[in-house]
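> Can you keep this structure in mind? I'll have questions shortly.
The values are calculated or read from the model by the stated rules, or taken from the named source; none is laboratory data. In this text, all values refer to a predicted model and were calculated from it rather than measured experimentally. Note that we place each Cβ from the backbone using ideal geometry, even for glycine, and neighbour counts take in every protein chain shown.
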Amino acid sequence: MRNYESTKRILVTGGAGFLGSHLCDRLLAAGHEVVCADNLFTGSKRNIAHLLAHPRFEFLRHDITFPLFIEVDEIWNLACPASPIHYQHDPVQTTKTSVHGAINMLGLAKRLDCRIFQASTSEVYGDPQVHPQPESYWGHVNSIGPRSCYDEGKRCAETLFFDYHRQHGLDIKVARIFNTYGPRMHPNDGRVVSNFIVQALKNEAITIYGEGQQTRSFCYVDDLLDGFLKLMATPKGFTGPVNLGNPGEFTIRELAEKVIALVGSRSQLVFMPLPADDPTQRKPDISRAREALDWSPGIDLETGLRSTISYFDALLAGREIPTPVHAP
Ligand code: NAD
Ligand code: UDP
């Protein structure tokens, strides 16, 4: 009954999470059918509440460490906790999600002979000694530390994706995502942008780990989603990996000061111990994304923070959160 020429049935794993729910919005707006598979570990039905009655949307409560039998035309594999406090809560499950999850999703893609996207991460570069980080950099990663379950899990997932591509001719697209923020991050997510905004809105102490001199590059979610869709639309044979992130680089202290100023908060800075293996600097080299995808982010940190602050403000005040409108 579908128009097979222009629309697809698409599986999004981790579709009830921060990035996954925005992706579901975009795919539905483009006319596709979306099956969202999520075990709701860090995701929330709130993120997809506006989609539950949509005739082309279906939610499956499913853990991707177990096989999934389903018929789809395309797979986006986003399932995995992304915040350090969440992925360190049950590190064995984190590795299983990345590795067994990738094996299950790649097996599904092989049977269906369909295109599959992997949400990889800048964490594959570890605590980088090359700055900014190009895709050709092999990284500086601790294999036995508290972040290893995530970093090594994601690295092994990349290995599996490229071996399925070489061995079975699978059509893969691998994005290395750098720190991304925006509406629908979990308020207790533990990541720096959500922590600082929630603390500033409540006029509570802003918790800076270390001296706040470590750097990150922050990409607004809408920009990232443009990059996702451009990568997935590249011809078969273009595999990536492609860095997707905003090359603007800020110290964590600068971020804290910006958030305080934008919120107009009375919060004070407090300094707490730096977590083990916390990368000292991170900034994407996005030359490949510019050349191959004609993509670069357009939303500056201040604009993106304003929109994220409005979201958390409404969430904390219990007001109804407007559904973001996206370009089709
Ligand atoms: P998130 O925690 O909001 O979303 C992850 C989703 O995956 C959640 O809905 C969670 O319930 C689900 N999930 C976790 N384990 C699962 C399992 N075993 N089976 C099924 N569902 C499971 O995080 P996010 O920021 O939306 O991240 C999405 C993806 O992007 C992740 O793979 C993450 O590693 C990657 N990524 C994100 C960022 C970022 O800055 N947001 C950066 C690099 C990579
Ligand atoms: N961070 C911080 N205070 C917080 C949360 C995080 O100073 O309340 C720091 C953290 O130590 C890291 C940076 O902010 O240096 C980014 O942390 P996040 O967890 O967002 O992501 P990461 O890039 O480390 O995975």
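Yes/no matrix, rows are residues, columns are (1) near ligand 1 (Cβ under 9 Å from one of its atoms); (2) in a loop (DSSP other than H, G, I, E, B); (3) within 18 Å of CYS80 (Cα to Cα); (4) of a type in the set (S, T, N, Q):
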| position | (1), (2), (3), (4) |
| --- | --- |
| HIS22 | yes, no, yes, no |
| LEU28 | no, no, no, no |
| VAL35 | no, no, yes, no |
| LEU40 | yes, yes, yes, no |
| GLY43 | yes, yes, yes, no |
| PRO55 | no, yes, no, no |
| LEU60 | no, no, yes, no |
| ASP63 | yes, yes, yes, no |
| PHE66 | yes, yes, yes, no |
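> What number goes with the only condition from (1) surrounded by fewer than 23 Cβ atoms within 10 Å (Cβ to Cβ); (2) away from ligand 1 (no atom under 16 Å from the Cβ) that ILE206 does not pass?
In the conditions (1) surrounded by fewer than 23 Cβ atoms within 10 Å (Cβ to Cβ); (2) away from ligand 1 (no atom under 16 Å from the Cβ), ILE206 misses (1) alone.
> Here's a follow-up. Give the stretch 112-141 a look and list any residue that's away from ligand 2 (no atom under 16 Å from the Cβ), aliphatic (A, V, I, L, M) and touching a residue at least 12 places away in the same chain (Cβ under 8 Å), or say none.
LEU112, ILE116
> What are the residue pairs meeting all of these: first residue in the stretch 77-105, first residue closer than 23 Å to LEU23 by Cα and more than 10 Å from ligand 1 (Cβ to nearest atom), second residue in a loop (DSSP other than H, G, I, E, B) and of a type in the set (Gly, Ala, Ser), Cβ atoms under 8 Å, and 6 or more apart or on different chains?
PRO84/GLY190
> I would also like to ask the following. Restricting to the stretch 231-259, count the residues that are out of contact with any strand residue (DSSP E or B) (no Cβ under 8 Å at 6 or more places or on another chain) and under 24 Å from ILE116 (Cα atoms).
Here the count works out to 3.
> Among the residues of the stretch 13-25, is there at least one that is touching a residue at least 40 places away in the same chain (Cβ under 8 Å), more than 17 Å from GLY182 (Cβ to Cβ) and away from ligand 2 (no atom under 16 Å from the Cβ)?
Our first condition is that a residue be touching a residue at least 40 places away in the same chain (Cβ under 8 Å); within the stretch 13-25, this holds for 13-23, 25.
Those left that are additionally more than 17 Å from GLY182 (Cβ to Cβ): 13.
Subsequent filtering for residues that are away from ligand 2 (no atom under 16 Å from the Cβ) retains 13.
Yes: the stretch 13-25 contains one or more residues that are touching a residue at least 40 places away in the same chain (Cβ under 8 Å), more than 17 Å from GLY182 (Cβ to Cβ) and away from ligand 2 (no atom under 16 Å from the Cβ).
> Residue under question is GLN199, and the condition is that it be within 18 Å of the chain's Cα centre (by Cα), closer than 30 Å to ASP313 by Cβ and of a type in the set (S, T, N, Q); does it hold?
Details: within 18 Å of the chain's Cα centre (by Cα): no; closer than 30 Å to ASP313 by Cβ: yes; of a type in the set (S, T, N, Q): yes.
No.
> Please go through (1) more than 18 Å from the chain's Cα centre (by Cα); (2) touching a residue at least 12 places away in the same chain (Cβ under 8 Å) for ALA233 and return the number of the only condition it doesn't satisfy.
Exception for ALA233: condition (2).
> While we're here: Which residues, taken from the stretch 312-328, are under 20 Å from the mean Cα position of the chain (by Cα) and at pLDDT 95 or above?
Scanning the stretch 312-328 gives a single hit, PHE312.
> Follow-up question, since we're still on this one. Look at ALA49 and say whether it is assigned to a helix (DSSP H, G or I), among the hydrophobic types (A, V, I, L, M, F, W, C) and free of Cβ contacts under 8 Å to residues at least 12 places away in the same chain.
yes
> For the stretch 248-292, name all the residues that are away from ligand 1 (no atom under 15 Å from the Cβ), small (Gly, Ala, Ser) and out of contact with any Phe, Trp or Tyr (no Cβ under 6 Å at 6 or more places or on another chain).
Within the stretch 248-292, ALA261, GLY264, SER265, SER267, ALA276, SER287, ALA292 qualify.
> Scanning the stretch 134-171 for residues that are within 25 Å of GLU74 (Cβ to Cβ) and among the basic types (Lys, Arg), which turns out nearest to ligand 1 (Cβ to nearest atom)?
LYS154
> Which residues, taken from the stretch 83-93, are surrounded by fewer than 24 Cβ atoms within 10 Å (Cβ to Cβ) and either within 22 Å of LEU225 (Cα to Cα) or within 16 Å of ligand 2 (Cβ to nearest atom) (or both)?
Correct list: SER83, PRO84, ILE85, HIS86, GLN88, HIS89, PRO91.
> Same structure, new question: Return the pair list, or none, for Cβ contacts closer than 9 Å from residues in the stretch 263-276 that are over 17 Å from GLY190 (Cβ atoms) and in contact (Cβ under 8 Å) with a residue 24 or more places away in the chain to residues that are assigned to a helix (DSSP H, G or I) and of a type in the set (Asp, Glu), at least 6 apart or on different chains.
Within 9 Å, the pairs are VAL263/ASP313; LEU269/GLU257.
> Continuing with the same structure: More than 18 Å from VAL174 (Cα to Cα) and buried (at least 22 other Cβ atoms within 10 Å of the Cβ): is that true of THR97 in this structure?
In short, no.
Yes or no, residue by residue, for (1) in contact with a helix residue (DSSP H, G or I) (Cβ under 7 Å, 6 or more places away or on another chain); (2) over 22 Å from PHE66 (Cα atoms); (3) of a type in the set (A, V, I, L, M); (4) surrounded by 15 or more Cβ atoms within 10 Å (Cβ to Cβ):
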residue	(1), (2), (3), (4)
LEU112	no, no, yes, yes
SER122	no, yes, no, yes
TYR137	yes, yes, no, yes
LYS154	yes, no, no, yes
PHE162	no, no, no, yes
